[in-house]
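J.: A single structure is presented below for examination.
The values are calculated or read from the model by the stated rules, or taken from the named source; none is laboratory data. Since the model is a prediction, treat every value here as computed from it, not as a measurement. Heads up, the Cβs are rebuilt from the backbone with ideal geometry, glycines too, and the neighbour counts pull from every protein chain shown.
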Amino acid sequence: MLQIPIGTRGSYTLRVEPRPLASNFKDGILPPVFATPYLVLIMENAALNAVRDYFEPAESVVGAEEIGGGTHERTVVIVGRIIEKMAAKYGPAPS
């Protein structure tokens, strides 16, 4: 096993398309925003990519330690208002 330096970082890029939106992934009643479970997917893949170059043949990794933490809060919203704010900030949604 090669030594993995403390502080090693990885990244992972996911193009946001309709599939990872909460309204498609979880429930149509949710607004079309990025779904929280996909954030965990990105964190898992970034962690793997951080250490991938240090593997010897036949080695891999498992998530036996805490890799992230945070607070998740919910608030009641009017979906139309969310869409309007998103359109004002990012432009209209692609068809």
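J.: Only one of these is surrounded by 11 or more Cβ atoms within 10 Å (Cβ to Cβ) and hydroxyl-bearing (S, T, Y): S23, S11, S60. Name it.
T.: Step by step, each of S23, S11, S60 is checked, and only S23 is surrounded by 11 or more Cβ atoms within 10 Å (Cβ to Cβ) and hydroxyl-bearing (S, T, Y).
J.: Can you confirm whether A35 is at pLDDT 90 or above and in contact with a strand residue (DSSP E or B) (Cβ under 7 Å, 6 or more places away or on another chain)?
T.: So A35 fits the description; yes.
J.: Looking only at segment 53-91, which residues are within 22 Å of L41 (Cβ to Cβ) and of a type in the set (K, R)?
T.: R74
J.: Run down E44, E84, E56 and say which single residue is of a type in the set (D, E) and in contact with a Phe, Trp or Tyr (Cβ under 9 Å, 6 or more places away or on another chain).
T.: Answer to the selection: E44.
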